[in-house]
Amino acid sequence: MTDASLSPLALAPRAGGRPLAIAAAVVAVLALVPLVIADKFILSLGSTVFITAIAAASLHLIIRTGHISLGHAAFMGIGAYASVLTVMELGLPFAAGVLAAFVAPCLLALAIGPLVLRLTGKYFVLVTFLFGEIVRMVFVEWKSVTGGANGIFGIPAPAPVFNDPAAYYYLSLGAGVLLVGFIARLLASEVGRAIDAVRESERLAHCSGIPVLRLKVTIFALGCGIVGIAGALQGHFIRYVDPTSYSVVQSLNLVVVNVIGGMQTLVGPLVGTLFYLILPEMLRGYVELQRIIFGIILIIVMAFLPGGLVELGGRALQLVRRRAGS
Amino acid sequence: MTALLSVTSLHRQFGGLTAVRDLSFDVAEGEILGVIGPNGAGKTTAINLVSGVIPPTSGRVEFRGEDVTGLPPHRLVGRGIVRTFQSTTVYGDRTVRENGMRGAYLGLYPGFFATLFDTAHARRMRAEATAVVDELLDWLGLTEVAEDKAGSLPYGHQKTLGMIIALASRPRLIMLDEPVAGLGGGDADHVRDTIKRVRGRGITVIVIDHNMRFMSGLCDRVLVMHQGARLAVGTPQQVLADPAVIEAYLGKRHAALAGH
Ligand SMILES: Nc1ncnc2c1ncn2[C@@H]1O[C@H](COP(=O)(O)OP(=O)(O)O)[C@@H](O)[C@H]1O
Ligand SMILES: [Mg+2]
C-alpha cells in the first residue's frame with residue numbers, strides 16, 4: 001500500500017505542503033503592504049486586484065469542468081445589484097448584502113444550469129454570451145429597481161471604517177483569501193478529482209459513477225455565487241453599479257485573464273489578474289500602445305503557451321534549476 | 001438459476017434506423033456471455049442501452065430483479081454495472097494510479113463536505129480506494145508503471161487499465177466492448193486469461209467481439225446479433241451449429257449444406 005504522503009495523487013489536499021507555504025508567504029507579504037505603502041492609489045489598485053482575482057478564480061472553477069462561460073460578469077452584476085439593493089432598499093447590514101450577492105446568482109445558475117450545461121464547447125459559449133446580454137438588458141430596462149442605464153449611485157461603504165482604502169484593502173484581501181482558498185481546497189479534494197475527470201473524458205467519468213450533470217450544475221452555481229460576492233465587494237468599493245460594468249465585455253475580460261494566466265491550475269487566473277491590471281498601470285499615458293501590447297501578448301500566449309503565463313514561469317523555473325543543478 | 005441481468009424486448013431507434021430491435025436475453029450470475037456479430041450489428045448499442053449511456057426507445061432492463069431501464073450510467077455503476085469502451089478508455093494525461101482512483105470514485109466519494117474538510121471518514125474512504133486500486137494494479141501487473149502517464153503505455157496495457165478503471169468500482173457485472181480489437185495474438189490470449197480471472201472473482205462478464213474463435217475459448221454462452229436483432233443464443237457449439245448463424249455468416253449455400 002502506498003503511503004498517502006508519498007503519493008501526491010492519493011492525497012485529498014493535493015495542494016498541501018509547499019504550495020500552501022508559498023500561498024501563506026504571498027498573503028503575509030500582501031498583508032504588510034498597507035503598513036509600508038500608504039499611497040491611496042496603490043491600495044485601491046490592490047482592492048481591485050483582489051476582487052478581480054476572486055471573479056477570475058470563480059470562472060476558473062467553472063472552466064475546469066470544461067465550460068467557458070461568456071456570461072460570468074452578468075452573475076457578478078446580479079450579485080452587485082442584489083447586495084446594493086439589500087443594503088440600500090431593505091436597510092439590512094452589509095453581511096446580508098453579501099449573502100444575497102451569493103444566493104441570487106447561485107439560484108439563477110441552478111435554474112439555468114441543467115439546461116445550458118448540456119451544451120458543449122461553442123454552444124455553451126454562445127448561450128452564456130446571450131444570457132449575459134439579456135441580463136444587461138434587464139439591468140437597463142428594469143429602471144424602478146436598477147436605476148436603468150445610469151445605475152445606482154451613492155452606495156455606502158460596508159461600514160464607515162471601510163471608507164479608508166487600507167481598510168477596504170484588508171477586507172478584499174480577506175475575502176480573496178477565503179474564497180480563493182475555498183476554490184483551491186475544492187479543486188484539491190475528491191470533487192476536484194471528479195471535475196478533472198469530467199473535463200478530460202466526460203463519457204468515461206460518467207461510466208465511472210460520476211454524476212456529471214449534477215456535478216457541473218453544482219460547480220456552476222458555486223462559481224456564480226462566488227462571483228456574486230466579488231460583485232458586491234466591487235459595488236460597495238467603487239460606490240456605484242451600472243449595467244456597463246457587468247457587460248459581455250467584462251465577461252470577456254475575465255476569460256482573457258484566465259487564458260493569459262493559464263487554465264490548467266488555479267494559479268493561472270491569479271497571475272492573469274495581476275498581469276491584466278498591473279500592466280496597464282505601467283503603460284499609463286500610452287492607451288493605444290496598451291491595447292496593442294496586450295493584444296500581441298494574448299496572441300503569443302494562445303499560439304505558444306497553452307498553459308498560459310504560468311507555464312512560462314514553470315519553464316523558467318526548470319531552466320534555473322537545471323543551471324543550478326549542473 | 002435466477003438471472004443477474006434480464007433484458008426484455010429492447011428497442012433502439014436512431015431516426016429511421018433501428019440499431020437494436022426486440023432484443024431479449026438473460027445473463028446468469030458468474031457467467032461469461034459473449035456478444036458476437038458483424039460490424040453494425042448493434043452490439044455496442046446494446047451495451048450502451050444496458051449501461052445507460054443512451055436510453056432505449058422501448059423495452060426493459062432488469063438487474064438483480066429490479067427495473068433499471070433508462071437509469072443514467074452513474075446510477076447503474078452504483079448498482080454494480082460497469083462497462084468499458086471500444087475506443088479511448090483511459091485518461092491519457094494522468095498516471096496509471098490516478099486512472100484507477102477515478103474509477104474508484106463511487107467507492108471513495110465520501111460526500112461534498114466530508115471531502116472538502118477532509119474528515120476522518122473521507123480519509124478512511126480514500127485509503128480504502130487506494131487499497132482497492134493498488135490491489136488491482138498488482139493483480140493485473142501494472143504496479144511497475146503505476147506512476148507512468150496512461151497515454152505512454154503500450155496499447156495492450158491501456159486496455160488492461162481500462163478494465164482496472166471499471167473494476168475499481170467493484171462491480172457485479174462488467175461489460176467489455178471489443179477488449180481485444182487491435183491487439184496481436186499474444187496480447188489477445190492475455191486478455192482472455194484476464195477475463196477468466198475476473199470471472200474467477202465472482203464478477204459476471206459480457207464481452208463483445210466479432211471473432212468466433214476467440215469467443216469459443218472464453219464464453220459459457222454466446223449471443224449472436226444480426227442487423228440489430230438476436231439471431232441465436234447458446235453455447236459456442238450450439239451457436240456454431242445453428243443454421244441461421246451459418247447462413248448469416250457464410251451464406252445460404254453453406255446453411256443448406258450444414259442442414260444435411
Ligand atoms: N449514436 C448513434 N446515432 C446514430 N446511429 C447510430 C448511433 N450509434 C450507432 N448507430 C448505428 O446503429 C447501428 C449499430 O451500431 P453499433 O451498435 O455500433 O454496432 P456494432 O457495435 O455491432 O458494430 C449502426 O448502423 C450504427 O451506424
Ligand atoms: Mg461496436
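So is B:SER152 more than 16 Å from ligand 2 (Cβ to nearest atom), of a type in the set (S, T, N, Q) and under 14 Å from B:THR84 (Cβ atoms) or not?
Details: more than 16 Å from ligand 2 (Cβ to nearest atom): yes; of a type in the set (S, T, N, Q): yes; under 14 Å from B:THR84 (Cβ atoms): no.
In short, no.
Identify, by number, the condition in (1) within 16 Å of ligand 1 (Cβ to nearest atom); (2) within 12 Å of chain A (Cβ to nearest Cβ) that B:LEU76 doesn't meet.
All conditions pass for B:LEU76, except number (1).
Anything in segment B:45-57 that is away from ligand 2 (no atom under 16 Å from the Cβ), within 14 Å of chain A (Cβ to nearest Cβ) and surrounded by 21 or more Cβ atoms within 10 Å (Cβ to Cβ)? List them, or say none.
Let us first name the residues in segment B:45-57 that are away from ligand 2 (no atom under 16 Å from the Cβ), namely B:52, B:55-57.
This time we only want the ones that are within 14 Å of chain A (Cβ to nearest Cβ), so: B:52, B:55.
The one that is away from ligand 2 (no atom under 16 Å from the Cβ), within 14 Å of chain A (Cβ to nearest Cβ) and surrounded by 21 or more Cβ atoms within 10 Å (Cβ to Cβ): B:GLY52.
Between a residue in segment B:28-44 that is within 14 Å of chain A (Cβ to nearest Cβ) and any residue that is near ligand 2 (Cβ under 8 Å from one of its atoms) and assigned to a loop (DSSP other than H, G, I, E, B), which pairs come within a Cβ distance under 7 Å, given they are 6 or more apart or on different chains?
B:THR44/B:GLN86
Kindly evaluate A:LEU215 against the criterion of being in contact (Cβ under 8 Å) with a residue 40 or more places away in the chain, within 14 Å of chain B (Cβ to nearest Cβ) and either over 27 Å from A:LEU173 (Cβ atoms) or more than 18 Å from the chain's Cα centre (by Cα) (or both).
On the way: in contact (Cβ under 8 Å) with a residue 40 or more places away in the chain: yes; within 14 Å of chain B (Cβ to nearest Cβ): yes; either over 27 Å from A:LEU173 (Cβ atoms) or more than 18 Å from the chain's Cα centre (by Cα) (or both): yes.
Spelling it out, A:LEU215 is indeed in contact (Cβ under 8 Å) with a residue 40 or more places away in the chain, within 14 Å of chain B (Cβ to nearest Cβ) and either over 27 Å from A:LEU173 (Cβ atoms) or more than 18 Å from the chain's Cα centre (by Cα) (or both).
Residue pairs, Cβ under 9 Å, 6 or more apart or interchain, first in segment A:301-326 and touching a residue at least 12 places away in the same chain (Cβ under 8 Å), second of a type in the set (Phe, Trp, Tyr) and part of a helix (DSSP H, G or I). List them.
Within 9 Å, the pairs are A:LEU309/A:PHE275.
Considering B:GLN227, B:GLN237, which residue is over 19 Å from the mean Cα position of the chain (by Cα) and either within 16 Å of ligand 2 (Cβ to nearest atom) or within 12 Å of B:PRO38 (Cα to Cα) (or both)?
Working: B:GLN237 fails: either within 16 Å of ligand 2 (Cβ to nearest atom) or within 12 Å of B:PRO38 (Cα to Cα) (or both).
Just a single option satisfies the conditions, and that option is B:GLN227.
Provide a single number: the residues in segment B:1-17 that are surrounded by fewer than 19 Cβ atoms within 10 Å (Cβ to Cβ) and within 16 Å of ligand 2 (Cβ to nearest atom).
Looking only at that region, the number is 2.
On the basis of being surrounded by fewer than 17 Cβ atoms within 10 Å (Cβ to Cβ) and within 29 Å of B:THR95 (Cβ to Cβ), does B:GLY185 make the cut? So that I can check it myself, show each step before the final result.
On the way: surrounded by fewer than 17 Cβ atoms within 10 Å (Cβ to Cβ): yes; within 29 Å of B:THR95 (Cβ to Cβ): no.
Considered against the rule, which asks whether it is surrounded by fewer than 17 Cβ atoms within 10 Å (Cβ to Cβ) and within 29 Å of B:THR95 (Cβ to Cβ), B:GLY185 comes out as no.
Kindly indicate whether any position in segment B:36-52 is in contact with a Phe, Trp or Tyr (Cβ under 7 Å, 6 or more places away or on another chain) and either farther than 17 Å from A:LEU204 by Cα or not hydrophobic (A, V, I, L, M, F, W, C) (or both).
Taking segment B:36-52 as the starting set, the residues that turn out to be in contact with a Phe, Trp or Tyr (Cβ under 7 Å, 6 or more places away or on another chain) are none.
Within segment B:36-52 (the criterion being in contact with a Phe, Trp or Tyr (Cβ under 7 Å, 6 or more places away or on another chain) and either farther than 17 Å from A:LEU204 by Cα or not hydrophobic (A, V, I, L, M, F, W, C) (or both)), the answer is no, since none of the residues qualifies.
Kindly indicate the residue of segment B:18-44 that is under 13 Å from B:PRO56 (Cα atoms) and charged (D, E, K, R) and also nearest to ligand 2 (Cβ to nearest atom) among those meeting that condition.
Only one residue tops the list, namely B:ARG21.
List, please: which pairs have Cβ atoms under 7 Å, are six or more places apart or on different chains, and start with a residue in segment A:43-70 that is at positive phi and end with one that is assigned to a helix (DSSP H, G or I) and β-branched (Val, Ile, Thr)?
A:GLY66/A:VAL198
Which condition breaks for B:ASP67 when tested against (1) at pLDDT 95 or above; (2) in contact with a helix residue (DSSP H, G or I) (Cβ under 9 Å, 6 or more places away or on another chain); (3) more than 7 Å from chain A (Cβ to nearest Cβ)?
Looking at each condition in turn, B:ASP67 falls short on (2).
For segment A:39-129, which helices (runs of 4 or more DSSP H) that fit wholly inside it have 2 or more residues that are buried (at least 24 other Cβ atoms within 10 Å of the Cβ) and aromatic (Phe, Trp, Tyr)? Full working, then the answer.
Values: elements: A:40-64, A:72-88, A:94-116.
Once the helices (runs of 4 or more DSSP H) in segment A:39-129 are filtered for at least 2 residues that are buried (at least 24 other Cβ atoms within 10 Å of the Cβ) and aromatic (Phe, Trp, Tyr), what remains is A:72-88.
Is it the case that segment B:31-47 has a residue that's more than 16 Å from ligand 1 (Cβ to nearest atom) and in a strand (DSSP E or B)? Talk me through it step by step, then tell me what you get.
The initial filter retains those residues of segment B:31-47 that are more than 16 Å from ligand 1 (Cβ to nearest atom), namely B:31-32.
Subsequent filtering for residues that are in a strand (DSSP E or B) retains B:32.
Yes: segment B:31-47 contains one or more residues that are more than 16 Å from ligand 1 (Cβ to nearest atom) and in a strand (DSSP E or B).
The values are calculated or read from the model by the stated rules, or taken from the named source; none is laboratory data. Note that the structure is a prediction, hence the values are computed from the model and not measured. Cβ atoms come from the backbone with ideal geometry, glycine included; neighbour counts cover every protein chain shown.
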